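Okay, structure first, notes after.
Every number in this text was worked out from the coordinates using simple rules, so none of it is lab data. If you're wondering where the values come from, they're calculated on a predicted model, not measured in any experiment. Glycine also receives a Cβ, built like all others from the backbone with ideal geometry; neighbour counts cover every protein chain displayed.
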Amino acid sequence: MRTQIIHVPAKSDNQKENALFCMIMPAGLLAMADLLKKTGNSVQVVHAGMETALQPKNGIENILESFEPDIIAISMHWHHQMAAVRDVINKAKKISSGSRIILGGMTASFFYREIMHEWNNVDFVIRGDGELPLLALAKALDGSGDFSGVPNFSYRKDGQTRHNGLTYQADDAMLNRLDFSNLALMRRPNTYGGLYGGAIGRSNSKMEPEDTRKSEKDGYFYLCCGRGCSAGCAWCAGSTVSHMRMHGRRKPIFRHASRIADDIQKAASHGYHRFYICFDPPGQSSPYMDMMRTLRDRNLSVSLIFEAYGQPPDDEFVLEFSKTFRKEHSAITLSPDTSDEKLRQFYKGKAAMTNSSIEKTLARCAKHGIKTELYFALLPGQNFTGLKKSHEWAKSLSEKYGCSLVFMPVEMEPGAPWHLNPSKYDVKPLCVSFNDFLERSAARDFSHPPKDPGYLFSGFERQIDYILSEGLAARDYVTS
Ligand code: SF4
């Protein structure tokens, strides 16, 4: 089977500024491609955003025409991508009318029934973990054409939509077998790195002019260190309850330290020297200390941004980090979200760090010369005075420890705890259904922060204006 796997970022087509958003490709796409390749299939991974950014005239049409795929597998992971994904599906169906189009990713997993019902150009949806179902689909298409044994799978037969059971979840042994860094299977392998939209490297933490990345040197390679989460942050579609619903996964699993190090080594051989980890489920023992020792044993000198969600990094972790990673382009980031500890706990539950533990970590990092970055959120339960208090606290930490600051709205995500249970969090969603999210993604101008966060939020615009005027907003899009 010839399979083309495509990542399609969200985009704006306003006449003044063409902005691409969601440039980070889900880490699992390369693993799926590698598994297909190892089992005798022909496969290519395409990052449609990098194609547009680097060569706007070479549209997805030309790429599909030259590869002639049997299967076009498109990731619809983030809800922002929905309208752009729909456009690519419709184009693909015209150009490659004989190809079978399949959707996967978290947003597709949440809205699989609506997709099968409303998007006739989509032939199949895979829910949850996709690698074995995609392989089983390729085998079925190559052989009997019977899809009843393909796990996590939705298809149509005899005019009826069928949804097979959510029976496959990768375990840790499977995750360790998969290869998440086979960049040789990508078009433009040197441009894979996702744009990092935070403030690291900006001397004054102010928002800079557009970050337009034209080559791999500015890109971060996002590592797959595991799957799932043990926390229940209200706004996060990657929470425990969301994973249970979309993937059938009850608890997080990690990859082995040596396998993460293998990915770093392999990506480094392709010219990548900046890596990113945003996988740190609270309350779990992680492989990161072993990973750092392994990297030093292998003499691998690279940069890492590590988002700490679990325990605040202790002395030992910070020391290992400082011995292992280059200082340039490395950082440890923490997400206090607000200076109000009670509010933080209300939205994040037991995973919430305390202000004093955050400050201790910042002090440790400063002692070892490690850059730090703090993320804050615009939260519906925090009024303008609360935001200013958070900013005052953040500024005091920045002055003391040199940390960069980013403030951003948290948007409604399909399948997040407060989307599933808004009354518990006292939010009134504006975005609930498949079509709500689709329309929102089509109407958004991704060259600016959103006009609303997808739920009622009194004073939202004032808070956005404030973070913009103070130069605190993240900017994670590229212009083409
Ligand atoms: S720690 Fe919170 S924000 Fe991070 S993945 Fe888990 S639920 Fe989401």
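Grab the alpha carbons of the range 1-83, take their convex hull, and tell me the volume per residue in Å³. Could you put the intermediate results ahead of the total?
Numbers: hull volume 7.7 nm³, N = 83.
It comes to 93 Å³ per residue, whole-number rounded.
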**Report entry** Cys with no candidate disulfide partner in the chain (beta-carbon separation under 4.7 Å rule)
**Finding:** Cys22, Cys224, Cys225, Cys229, Cys278, Cys365, Cys403, Cys431
**Report entry** the range 2-163: Rg to Rh, with Rh as the Kirkwood radius over Cα pairs
**Finding:** 0.95
Query - Neighbourhood net charge (10 Å Cβ-Cβ; Lys/Arg +1, Asp/Glu -1) for Ser322 - result: +3
**Report entry** Overall dimensions of the range 193-479 by Cα: Rg and Dmax, Å
**Finding:** 18.7, 53
Report task. Project the alpha carbons of the range 327-480 onto their principal axes and report the range along each, largest first, in whole Å. Result -> 50, 41, 27
Report task. Kindly rank 450-458, 232-240, 159-167 from highest to lowest mean number of other beta carbons found within 10 Å of each residue. Result -> 232-240, 450-458, 159-167
**Report entry** Structure-based [θ]222 nm, the chain - -39500 (n - 2.57) summed over DSSP H runs of at least 4, per residue, nearest 500
**Finding:** -10500 deg cm²/dmol
Report summary line: The distance between the Cα centres of the range 218-276 and the range 393-418, in whole Å, is 21
**Report entry** Cβ crowding within 10 Å averaged over residues, with 133-143, 219-229 ranked highest first
**Finding:** 219-229, 133-143
Requested in this report: Take the eigenvalues of the Cα gyration tensor for the range 352-398, scale each by 5, and report the square roots as semi-axes in whole Å, largest first.
Outcome: 23, 11, 9
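Compute the relative contact order of the chain as a whole-number percentage, counting only Cα pairs closer than 8 Å that sit 6 or more residues apart in sequence. Display every interim value, and only then the final one.
On the way: 966 pairs, mean separation 84.0, N = 480.
Reported relative contact order: 17 percent.
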Requested in this report: Using only the C-alpha atoms of the chain, find the volume of their convex hull and express it per residue in Å³.
Outcome: 134
Query raised in the report: Looking only at Cα atoms, what is the convex hull volume of the range 227-385 per residue, in Å³?
Result: 127
**Report entry** Antiparallel DSSP beta bridges within the chain, percent to nearest 5
**Finding:** 25
Report summary line: Relative contact order of the range 212-369 (C-alpha contacts under 8 Å, at least 6 apart) in percent is 23
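In debye, nearest 20, what is the charge dipole magnitude of the chain about its Cα centre with +1 on Lys and Arg Cβ and -1 on Asp and Glu Cβ, if you could check?
420
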Query raised in the report: For the range 88-135 and the range 331-357, what is the separation of their C-alpha centers, rounded to whole Å?
Result: 37
Query - Within straight-line cross-link reach of Lys57, lysines at Cα separation under 17 Å, skipping those fewer than 8 residues along the same chain - result: Lys11, Lys91, Lys214
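Quick one: which of Lys348/Lys395; Lys251/Lys395; Lys93/Lys424; Lys38/Lys327 span more than 32 angstrom between C-alpha atoms?
Lys251/Lys395; Lys93/Lys424; Lys38/Lys327, as the Cα separations exceed 32 Å there.
Determine the alpha carbon to alpha carbon distance for each of Lys388/Lys451; Lys266/Lys360; Lys266/Lys400; Lys266/Lys367; Lys94/Lys451 and list only those over 30 Å. Don't skip to the answer; put the middle values down first.
Numbers: Lys388/Lys451 20 Å; Lys266/Lys360 35 Å; Lys266/Lys400 38 Å; Lys266/Lys367 32 Å; Lys94/Lys451 34 Å.
Beyond 30 Å: Lys266/Lys360; Lys266/Lys400; Lys266/Lys367; Lys94/Lys451.
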